[in-house]
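Undergrad: This is the structure I have questions about; it appears just below.
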């Protein structure tokens, strides 16, 4: 119960489509979402697997709460070996694609091989087929979604697709669904493009079975009420995630001028409040969400003219705003639109362009190498030009399409490349919340603000029943334990799958799983599940070559700033890592979980 009980397997090389029963033993141990996907992937890849080769599986997965009436459970995950990082790749997205996949009869899709010609996968009420996508080649993501809805004759269909960036194997290409919803991080769009798979279209009307429907509905209603009444929910509903801009600037959490400046005085011009007063049309919610943090914006005239479309969220406001010292909100919204239609992760894209600007200013990149383009802080028009060049790998865009790590290697500037394990650091500065430093250094997919969001904990979003409590944001040793507990907890979230802006008490989530699946869960059970799945991702990364040396922060975010909310402060990451390894029971020399820890978590039979 809570599961549809089936996985769809697609071999693009042979065109064979088959079904197999969901491995319930795996589901019991790893729930669903990224946990279940990781366990499946573990047996299918190794250090020699080419992320852009036909042998790299691409897995779409839902969780046991996806498609139910539990609040904010409309998400899905996409997992594979990442072409950007070469390790565990994981990305998730909202909208309605996840629920529609379950309503079509499947918990997930495992895609292997490579089609000789462009194809898309159609799954309607349990019937799956591969169709030609040659007429979709070069189409942007919005066009692709519209064409397939018309072609398949179903307005309610949900389409996950790639744009030109995915087709051109941009290392941080995204998979887009339901307009501008993005599975953005780790380059899953490039994996999809490497397989000649343009889109996956899903629709269904089947019902998600529940072990005890009456009790589930009762608890779900309680959860909805709690979430609706939360202060953060109302703030996000009114102003979106951009509501955080002003406070983030005050606390030094919002990176400016590529992590080198403590204050961006014009940040308020790109805030959620300014957006609400200028270009905002309305808010938008994903499936089953009582919050509705999504922004819908419109620009009626001028060179940034836009139809009603998805507006920028906090990370994008940083990527094309404070990170490059741009205060033009309309230009920023247009840059976001381009990333959506081309299928590009805004975090990696904005960080890569800002890094190039930083190196250009330092004289490490010459105008001759930039296709004659002068890189200047605050120049959103150049950013817009570069986004198009990246999507089509034209000129200097071909270099930028490789991401921050490879640019740092090319120009002998690795210490100043804001990345961990190859994934660009998102826009919560580890100097502002020291707990984020340890989360970035140890996150399975590289620098990640979602796999342990200690900044939100210190802002008051606690889970006291799990020991996830706020404190001095500049603490070091005490923050390590909170970070670990937060990582375990958010790992559960990415497996059930629930949006991280939705935070009912842990006991409520345990009850939802109990009445969904039919097996009793306690809060302690969830903590153990989170720890098991987090360690599973770690040993997969160990299998792919990750060791102690890969847990680090680059020099650029360990350099104290002279002004702003973090003035003079940097975390002692070495000291924090020692404490982290001690608590996690990981060997400090090898970076691997100890045999005793693996046995405790029932992972000891897996080969590393």
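Per-residue answers, yes or no, for (1) under 23 Å from residue 529 (Cβ atoms); (2) in a loop (DSSP other than H, G, I, E, B):
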position	(1), (2)
3	yes, yes
17	no, no
84	no, yes
105	no, yes
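Undergrad: So how many residues does region 460-474 have that are in contact (Cβ under 8 Å) with a residue 60 or more places away in the chain and part of a helix (DSSP H, G or I)? Give the steps one after another, and end with the answer.
TA: Taking region 460-474 first, the residues in contact (Cβ under 8 Å) with a residue 60 or more places away in the chain are 461, 466, 473-474.
Among the residues that remain, those that are also part of a helix (DSSP H, G or I) are: 466.
Adding up the residues that qualify gives 1.
Undergrad: Kindly provide the set of residues from region 409-423 that are surrounded by fewer than 21 Cβ atoms within 10 Å (Cβ to Cβ) and assigned to a helix (DSSP H, G or I), ordered by number.
TA: Matches in region 409-423: 409, 410, 414, 415.
Undergrad: Among the residues of region 341-362, write down those that are buried (at least 24 other Cβ atoms within 10 Å of the Cβ) and within 19 Å of residue 192 (Cα to Cα).
TA: 342, 343, 344, 345, 346, 348, 349
Undergrad: Now for a different question. Could you list all residues from region 302-360 that are in contact with a strand residue (DSSP E or B) (Cβ under 7 Å, 6 or more places away or on another chain), within 21 Å of residue 292 (Cα to Cα) and part of a helix (DSSP H, G or I)?
TA: Scanning region 302-360 gives 333, 337, 340.
Undergrad: I've got another one for you. Condition test on residue 24, is it more than 18 Å from residue 199 (Cα to Cα) and outside the structural domain of residue 192 (by TED's automatic domain parsing)?
TA: Answer is no for this residue.
Undergrad: Taking region 109-136 as the region of interest, how many residues are part of a strand (DSSP E or B) and closer than 23 Å to residue 181 by Cα? Spell out how you get there, then give the answer.
TA: Filtering region 109-136 for residues part of a strand (DSSP E or B) gives 109-112, 119-124, 127-132.
Then drop every residue that is not closer than 23 Å to residue 181 by Cα, which leaves 109-111, 119-124.
Residues that pass the stated criteria total 9.
Undergrad: Continuing with the same structure: For region 258-273, give me each residue that is surrounded by fewer than 20 Cβ atoms within 10 Å (Cβ to Cβ) and either not assigned by TED's automatic domain parsing to the domain that holds residue 292 or not in a loop (DSSP other than H, G, I, E, B) (or both).
TA: The answer is 261, 268, 269, 273.
Undergrad: On the given criteria, is residue 84 under 20 Å from residue 537 (Cβ atoms), within 22 Å of the chain's Cα centre (by Cα) and crowded, with 21+ Cβ neighbours inside 10 Å? Step through it out loud before you land on a result.
TA: Numbers: under 20 Å from residue 537 (Cβ atoms): yes; within 22 Å of the chain's Cα centre (by Cα): yes; crowded, with 21+ Cβ neighbours inside 10 Å: yes.
Yes, satisfied.
Undergrad: Given (1) in a loop (DSSP other than H, G, I, E, B); (2) surrounded by fewer than 18 Cβ atoms within 10 Å (Cβ to Cβ), identify the lone condition not met by residue 365.
TA: Condition (2) is where residue 365 drops out.
Undergrad: Next up: For region 162-195, name all the residues that are within 22 Å of residue 397 (Cα to Cα), surrounded by fewer than 24 Cβ atoms within 10 Å (Cβ to Cβ) and out of contact with any helix residue (DSSP H, G or I) (no Cβ under 6 Å at 6 or more places or on another chain).
TA: Scanning region 162-195 gives 168, 194.
Undergrad: If you don't mind, there's one more thing I want to ask. Is it the case that region 372-384 has a residue that's in contact with a strand residue (DSSP E or B) (Cβ under 7 Å, 6 or more places away or on another chain), surrounded by 23 or more Cβ atoms within 10 Å (Cβ to Cβ) and not assigned by TED's automatic domain parsing to the domain that holds residue 136?
TA: Scanning region 372-384, I find no residue that is in contact with a strand residue (DSSP E or B) (Cβ under 7 Å, 6 or more places away or on another chain), surrounded by 23 or more Cβ atoms within 10 Å (Cβ to Cβ) and not assigned by TED's automatic domain parsing to the domain that holds residue 136, so the answer is no.
Undergrad: Among the residues of region 213-237, how many are modelled with pLDDT of 95 or more and either within 20 Å of residue 107 (Cβ to Cβ) or touching a strand residue (DSSP E or B) at 6+ places or on another chain (Cβ under 8 Å) (or both)?
TA: Selection size over region 213-237: 3.
Undergrad: Of the residues that make up region 533-545, is at least one touching a helix residue (DSSP H, G or I) at 6+ places or on another chain (Cβ under 8 Å), under 30 Å from residue 217 (Cβ atoms) and either free of Cβ contacts under 8 Å to residues at least 60 places away in the same chain or outside the structural domain of residue 68 (by TED's automatic domain parsing) (or both)?
TA: Taking every residue of region 533-545 in turn, at least one turns out to be touching a helix residue (DSSP H, G or I) at 6+ places or on another chain (Cβ under 8 Å), under 30 Å from residue 217 (Cβ atoms) and either free of Cβ contacts under 8 Å to residues at least 60 places away in the same chain or outside the structural domain of residue 68 (by TED's automatic domain parsing) (or both).
Undergrad: What do you reckon, is residue 245 assigned to a helix (DSSP H, G or I), under 23 Å from the mean Cα position of the chain (by Cα) and over 23 Å from residue 505 (Cα atoms)?
TA: Considered against the rule, which asks whether it is assigned to a helix (DSSP H, G or I), under 23 Å from the mean Cα position of the chain (by Cα) and over 23 Å from residue 505 (Cα atoms), residue 245 comes out as yes.
Undergrad: Against the condition farther than 30 Å from residue 240 by Cβ, touching a residue at least 40 places away in the same chain (Cβ under 8 Å) and more than 24 Å from the chain's Cα centre (by Cα), how does residue 608 come out, does it pass?
TA: Judged against the criteria, residue 608 is a match.
Undergrad: Does region 274-284 hold any residues that are assigned to a loop (DSSP other than H, G, I, E, B) and crowded, with 16+ Cβ neighbours inside 10 Å, and which are they?
TA: Matches in region 274-284: 279 only.
Undergrad: Checking the condition assigned by TED's automatic domain parsing to the domain that holds residue 502, in contact with a strand residue (DSSP E or B) (Cβ under 9 Å, 6 or more places away or on another chain), within 26 Å of residue 183 (Cβ to Cβ) and in a helix (DSSP H, G or I), which residue from 482, 457 passes?
TA: 457 is the lone residue from the list that is assigned by TED's automatic domain parsing to the domain that holds residue 502, in contact with a strand residue (DSSP E or B) (Cβ under 9 Å, 6 or more places away or on another chain), within 26 Å of residue 183 (Cβ to Cβ) and in a helix (DSSP H, G or I).
Undergrad: Additional query: Can you tell me which condition residue 497 does not meet? The list is (1) touching a strand residue (DSSP E or B) at 6+ places or on another chain (Cβ under 7 Å); (2) without any contact (Cβ under 8 Å) to a residue 24 or more places away in the chain; (3) within 30 Å of residue 228 (Cα to Cα), and all the others hold.
TA: (2)
Undergrad: Taking the options 539, 509, 556, name whichever one is crowded, with 20+ Cβ neighbours inside 10 Å, over 21 Å from the mean Cα position of the chain (by Cα) and over 26 Å from residue 461 (Cα atoms).
TA: Going through 539, 509, 556 in turn, the sole match is 556.
Undergrad: Take the residues in region 109-161 that are on the phi > 0 side of the Ramachandran plot and in contact (Cβ under 8 Å) with a residue 60 or more places away in the chain, then tell me which one is surrounded by the fewest Cβ atoms within 10 Å (Cβ to Cβ).
TA: 125
The values are calculated or read from the model by the stated rules, or taken from the named source; none is laboratory data. Just so we're clear, the structure is a prediction, and the values are computed from it rather than from any experiment. Every residue, glycine as well, gets a Cβ built from its backbone with ideal geometry; the counts of neighbours run over all protein chains shown.
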